[in-house]
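The values are calculated or read from the model by the stated rules, or taken from the named source; none is laboratory data. None of the values given here were measured: they were computed from a predicted structure. Heads up, the Cβs are rebuilt from the backbone with ideal geometry, glycines too, and the neighbour counts pull from every protein chain shown. All accessible areas refer to the heavy atoms of the entire protein, side chains included, with ligands and DNA or RNA removed. Shrake-Rupley method; radii C 1.70, N 1.55, O 1.52, S 1.80 Å.
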Amino acid sequence: MSVIRIQGMRSLQGEMEIQGSKNAVLPVMAAALLHEGRIVIKNIPRIQDVFCMIEILEALGCGCRLEGHELAIDTRGLCKSQVPDEAGGRMRSSIMLLGPLLGRLHQAETCYPGGCVIGRRPIDLHLAALQQMGAEICSEGETIQAFAGNLQGAKLSLPFPSVGATENALMAAVAARGITCIRGAAREPEIEVLCRFCESMGARIEGIGSSFLTVYGGRKLHDCEFTVPGDRIVAGTYLGALAATGGELCLRGVPATHMAGTWEALRQTGCVCEFGPDRICARMDGRPQPVNLSTGPYPEFPTDLQSVMLAVASVAEGYSQIQENIFEERFATAEELKKIGAHITIEGGSAYVMGSYPLAGGELWASDLRGGAALVVAGLASENESRIHGYSYISRGYEDICGDLTALGARIALEED
Ligand code: UD1
């Protein structure tokens, strides 16, 4: 079992390229199935969820070749419509295969998707969108089966801007006959990336970046090469670490426009950020100031950075309040932070945090991906050594969190227990 060992109290300094985005690359890999041919995806993050998606695509009959950070997918051999249970149950994004499989093979079968336990994660909006496009869905026990002769364009209206449901509907719409309108679409940058990828295969989509997407389905698709942008959540994690420890960082590869919501959170801590189109530079002097944050759909503050900001608030100079509106169980991380001296009270959907600096450090157990990253941030702002267990959660989304932070001056290493 791997353990992250951290000696904290060092400020961060340096410049680095941020890995490709996990939440962008997984739907792009699923969307590759819409086309029968060869797709090359560049800037692939070498993370466990990507390896799991490769395993699934291969089990479905595709050829995948990952060399460095480039993945070539040959979808000509796609012949199976059943997502293997074990791999599908390991991550949330397996549900993303329903739309593309229905489009290509007219049928799909998958188990209820896995992923981090961060609260209720229903898929009713995904299924309703596919049904409106003509799919017949049978769900028995843990298995979902879907059939469709030909998907038909439809007028969809999402009651909540679910990222996954928007992506599934979008992919089905690219394959469907006719025009699909998606009203109430999520506006997360990963949706825009997926639209751009579909466009590079030959799809026609209007309204990209807005909450109203129009997809002209059924067009002939072609081979393409596509580069995934840097991961805004990984960038936000390292900027959170900077806010907790002080120092100066320059991060490359993440468009500043992908960081809406995160800027305001960092500004509240006292972190000074400057950015060019593909470069974010930030400086932090002294202890963070307290924050008042509330998570919400993009462009609001992202739920994926809530735990990291909870760790920052734990060492802030005063009283912070953080409200979670998307995934109710994300506050599980608070219990770990309390073990090393954080003063956090959870009431309903809010965390009330009285900052104290430094934290004590100690043995900590991650129980989800972003919560694990938050424990790393807490370890960096602790006076004694910390050991973070549960690396398997963290490696689902961070390619080399220890290598990255070491390059930025932290004393952190991955060790075998
Ligand atoms: C994606 C991201 C995840 C991020 C989340 C919100 C990926 C792989 N994961 O997850 O990191 O935290 O967006 O930005 O991209 N909901 C329903 N019914 C549905 C679908 C969702 O009620 O059918 C609810 C969920 O319970 C949750 C909210 O909608 O409360 C947001 O979920 P959603 O936007 O769908 O998140 P994911 O796509 O699962």
> How much area per residue is accessible in the chain when the probe is 1.4 Å and only protein heavy atoms are counted (Å²)?
Replying inline: 37
> Relative contact order for the stretch 94-172 using alpha-carbon pairs under 8 Å, separation at least 6, rounded to a whole percent?
Replying inline: 41
> 222 nm [θ] for the chain, helices only, -39500 (n - 2.57) per DSSP H run of 4+, per residue, to 500?
Replying inline: -9000 deg cm²/dmol
> What's the FRET efficiency of residue 384 with residue 274 using the Cβ-Cβ distance as r and R₀ = 35 Å, to the nearest 0.05?
Replying inline: 0.55
>> Using 0.36 nm times the number of residues separating residue 40 and residue 292, minus their current alpha carbon distance, what extension gain do you get?
In response: 86.5 nm
>> Based on alpha-carbon centroids, what's the gap between the stretch 80-159 and the stretch 1-66 in Å, whole number please?
In response: 22
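Any chance you could list the semi-axes, whole Å, largest first, of the equivalent ellipsoid that the Cα gyration tensor gives for the chain, using √(5λ)?
One finds semi-axes of 37, 21, 20 Å for the chain.
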> Restricting to the stretch 320-408, what percent of DSSP beta bridges are antiparallel, rounded to 5?
Replying inline: 70
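Please report, largest first and rounded to whole Å, the three semi-axes of the ellipsoid equivalent to the stretch 372-412, where each semi-axis is the square root of five times an eigenvalue of the C-alpha gyration tensor.
The three semi-axes for the stretch 372-412 are 16, 13, 7 Å.
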> Expressed as a rounded percentage, what relative contact order does the chain have, with Cα pairs under 8 Å and six or more residues apart?
Replying inline: 20
>> Can you give me the % of accessible surface on the stretch 276-325 that is carbon or sulfur? Probe 1.4 Å, all protein chains present, nothing else counted.
In response: 46
> Are there trypsin sites (Lys or Arg not before Pro) in the stretch 202-275 that DSSP puts in a loop and that have at most 11 other Cβ atoms within 10 Å, and which ones?
Replying inline: 220
> In whole Å, what is the distance between the alpha-carbon centres of the stretch 189-212 and the stretch 308-387?
Replying inline: 36
> Residue separation times 0.36 nm, minus the C-alpha to C-alpha distance between residue 13 and residue 300: what's the value?
Replying inline: 100.5 nm
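Antiparallel versus total DSSP beta bridges in the chain: what percent is that, nearest 5?
In the chain, DSSP labels about 75 percent of beta bridges as antiparallel.
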> Of 392, 94, 2, which has the most accessible area with a 1.4 Å probe, and how do the rest follow in descending order?
Replying inline: 392, 2, 94
> Per the 1.4 Å probe, what fraction of the accessible area of the stretch 92-215, in percent, lies on carbon and sulfur atoms?
Replying inline: 47
> What whole-number value in cubic angstrom gives the convex hull volume per residue for the C-alpha atoms of the stretch 267-308?
Replying inline: 92
>> Restricting the calculation to Cα positions, tell me the Rg (one decimal) and the Dmax (whole number) of the stretch 331-417 in Å.
In response: 12.9, 39
>> Only helices at least 15 Å long along their own axis, judged from Cα atoms, and with Kyte-Doolittle mean hydropathy of 1.6 or greater: name those in the chain from DSSP H.
In response: 369-380
> Which order do 224, 79 take when ranked by solvent-accessible area (1.4 Å probe, heavy atoms of all protein chains), largest first?
Replying inline: 79, 224
> Plugging the Kirkwood radius over Cα pairs into Stokes-Einstein for the stretch 128-175, at a temperature of 37 °C and a viscosity of 0.692 mPa s, what D comes out in µm²/s?
Replying inline: 289
> Translational D (Stokes-Einstein, µm²/s) of the stretch 198-280 at 37 °C and 0.692 mPa s when Rh comes from the Kirkwood sum over C-alpha pairs?
Replying inline: 216
> Taking one equal scatterer on every alpha-carbon of the stretch 197-350, how large is log10 of I(q)/I(0) by Debye at q = 0.14, 0.20 1/Å?
Replying inline: -0.75, -1.21
